[in-house]
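Undergrad: First, the structure itself, so that you have it in front of you.
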Amino acid sequence: MKDILNKKLNVMLFLLFFIFFVLSLFGFFDAVNPNNWIESARYILDDVSKYSFWTYINSFSIYAYVIYLAPFVIAFVGVNAFHKMLHSGFLFNLLQRTYYKTVFIREIAKCWLTALILPIMSVIIFIFGAILYKNSAIIPLDSNNGTLILTVKEYMTIINPDLFIFLHFILLVLFGIIVINIAIIFTRYIKNIYLVSLISFLFLIFYEVVSNTLIGPFLANLVGIKRLANGLSIYNLFWLDAIPSMLWEFIFAIIMILITLFIIYIIYLRGKRDATYERLY
Amino acid sequence: MLHMNAYIKVKFMHYVTSNIFRLLIIILFVGCITLLSTTTNLSYFNFIYYALLHPYLLLFFFLPIIFYSCVRLTEDIVQNESLMLYVKSKKELFNVCAGTIFRVVNHVFIYFIIAILLCANLFANRFDLFGRDPNYNEILNVVGLLFNFIKLYIFTIALSTIITSIVISKTRAKILYLIIIYLSLMSMLNYIEFNNIFAILLPYRYIGVAYIFDSFNQNLIFSTIYIVFLLLISILMLKKMVSLKERSLWSVLFGMIFPSFYQNTKKL
């Protein structure tokens, strides 16, 4: 039952992101010629490259603002089944047949499946752009009447753009896993799923404020790495805006996952034997 | 009812003096200072306008804190089964939930205004005396600011009522409501970036002076009516959703339109 619910919620979340993508598409055509969308689509068909299209949708359109509220929804959908299992007493029934650690590792891995929704949407946008626009140039485009200026991401010009999109896919998976891990940590203490998603969102925003305004500039002056404040942002794993390097983003994301996993290990698994379900509460 | 009121008061005071609420208020102040400290070119008057309508401030700090507080308190009250034994009617339960939301919004709103006034005193440009909108005179600008306060207050109550009614209701398909809220919150971000047709119907535009008509009065009246209409919908929703009985989503929505078809929904 819980799996079905989780699946349904995942589908709804995917549809929600897809609706925003469609709205962004209208906005994209609207930006060139607001009077006639079909004509504008024909007009820019030869000029726009698939990378510029992908960058526009991911950086400047309505879809780019999905990411602001994405942690709230991803946390809600990702942890829903896990929360239900933990707080409904279903775990007690499971533990009579299987081991405590096995159950937990399996359930946390199931939660991580939700982290795949955002990356899949990113790939769908790229495939859509590749079908619509055959041009694969990475030169920024400036339209004739000056209404639309499309650029590509900074690192698309440094490394292979296809490789960049693949790396972005992996970074988005890591982003989702970080958000879900934070929600799993709060699930231990809060019995309402809505409060879990709200407090995870608030925690993430608070972390962003502290890291971008206090820790980032301080470390940047101390260590000498430029753009470190952006490098310490979890949200920036989506935009990749003014980052120190791609490698840094991977290191940062993996460190964050390890930290959150360590906290999960401490609060859920450390010192718990198989029959110590009661000690959890 | 007297017993319930006393319980709610005690519960509210416990929450307000708890460490988590203090931490949330500190987060609100930190958020205000972080987002408003870079704005030093606005006059005192404009600064308050700017802060009241700052989309990131509302979206990331003000509204989540109010949602968290409302949901936590009402959830505590509704989940308390021994307390629910004293509830005689659905109307009483509605009063309890609405009263809790009202208290929380009042409390956090006062802190929010204090934070804004503090930031305005710290960061506003004292040598600049311009009103927000140069097309209108000073009196209309002051009237607009007053209505801005009132509309933000009503908007906050409406959204937190919708959120609370979703959480405490026993209906299924809650993700649909989440989508509605997601859309209404997304409108805050759309307001500054996109002025296209998709953002027109969404509510955030109407907290400020919505530039739909040429006349200031028409804009003010229309935007106020929109926000009040939102509040009425949210109250109706809470009224229908407050129940101890499990019902489907469609029966609730259908019952909102044709109440006589669902007589049994009036019972607890």
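Undergrad: Given a Förster distance of 25 Å, report the FRET efficiency between residue A:12 and residue A:105 from their Cβ-Cβ distance, rounded to the nearest 0.05.
TA: Using R0 = 25 Å, I get an efficiency of 0.40.
Undergrad: For the stretch B:1-78, with equal point scatterers placed on the C-alpha atoms only and solvent neglected, what are the log10 I(q)/I(0) values from the Debye formula at q = 0.20, 0.26 1/Å, to two decimals?
TA: For the stretch B:1-78, the Cα-only Debye profile gives -0.89, -1.18.
Undergrad: Another question, if that's okay. For the residues B:29, B:127, what sequence is obtained by ranking on other C-beta atoms within 10 Å, fewest first?
TA: Going from least to most buried by this count: B:127, B:29.
Undergrad: In addition: Residues with amide H under 5 Å of residue B:125's amide H, sequence separation 5 or more or different chain, H placed in the peptide plane at 1.01 Å from N; which?
TA: Counting only residues 5 or more places away or on other chains, the set is B:42, B:43, B:44.
Undergrad: Still on this structure, I have one more. With each label point set 7 Å from Cα along the Cα-Cβ vector, what nm distance links residue B:17 and residue B:106?
TA: 1.9 nm
Undergrad: Along each of its three principal axes, how wide is the spread of alpha-carbon positions in the stretch A:58-108, in whole angstrom units, largest first?
TA: Reported extents, whole Å, longest axis first: 52, 19, 9.
Undergrad: Report the percentage of all Cα-Cα pairs in the stretch A:194-263 whose separation exceeds 17 Å, rounded to a whole percent.
TA: For the stretch A:194-263, the fraction of Cα-Cα distances above 17 Å is 47 percent.
Undergrad: Counting Lys +1, Arg +1, Asp -1, Glu -1, what net charge surrounds residue A:240 among other residues with beta carbon under 15 Å of its beta carbon?
TA: Here the count lands on -1.
Undergrad: Can you tell me the convex hull volume per residue for the stretch A:139-270, based on C-alpha atoms, in Å³ to the nearest whole number?
TA: Roughly 149 Å³ of hull volume per residue.
Undergrad: Fewest to most neighbouring Cβ within 10 Å: what's the order for B:87, B:78?
TA: Ranked by crowding around the Cβ, least crowded first: B:87, B:78.
Undergrad: For the stretch A:90-143, what's the radius of gyration and Dmax over Cα atoms, in angstrom?
TA: Cα only, the stretch A:90-143: 21.7, 66 Å (Rg, Dmax).
Undergrad: Based on other C-beta atoms within 10 Å, arrange A:196, A:77 from fewest to most.
TA: So the residues, fewest neighbours to most, are A:196, A:77.
Undergrad: Okay, moving on. Residue separation times 0.36 nm, minus the C-alpha to C-alpha distance between residue B:26 and residue B:127: what's the value?
TA: Extra length from residue B:26 to residue B:127 when fully extended: 33.3 nm.
Undergrad: Projecting each Cα onto the charge dipole of the stretch B:2-112 (Lys/Arg +1, Asp/Glu -1 at the beta carbon, about the Cα centre), which of B:44, B:23, B:78 comes out farthest on the positive side?
TA: My answer, from the dipole projection, is B:78.
Undergrad: Now for a separate question. Is the shape of the stretch A:84-215 best called rounded, prolate or oblate, per the rule: a/c under 1.5 gives rounded, else a/b larger than b/c gives prolate, else oblate, with a ≥ b ≥ c the square roots of the Cα gyration tensor eigenvalues?
TA: prolate
Undergrad: Other chains near A:187-194: what is the mean number of their Cβ atoms within 10 Å of each residue's Cβ?
TA: 3
Undergrad: Once R0 is set to 25 Å, what does the formula 1/(1 + (r/R0)^6) return for the Cβ-Cβ distance between residue B:150 and residue B:213, expressed as a FRET efficiency to the nearest 0.05?
TA: 0.80
Undergrad: For the stretch B:15-137, what are the per-bin percents of Cα-Cα distances with bins 10 Å wide, up to the bin holding the maximum?
TA: 12, 34, 25, 17, 9, 3, 0
Undergrad: Same structure again: With labels modelled as points extended 7 Å from the Cα through the Cβ direction, what inter-label distance (nm, one decimal) is found for residue A:87 paired with residue B:232?
TA: About 3.5 nm, to one decimal.
No value in this document is a laboratory result; all are computed from the given coordinates. Predicted, not measured: the structure shown is a model, and the values here were computed from it. Glycine gets a Cβ as well: all are built from the backbone with ideal geometry, and neighbour counts include every protein chain shown.
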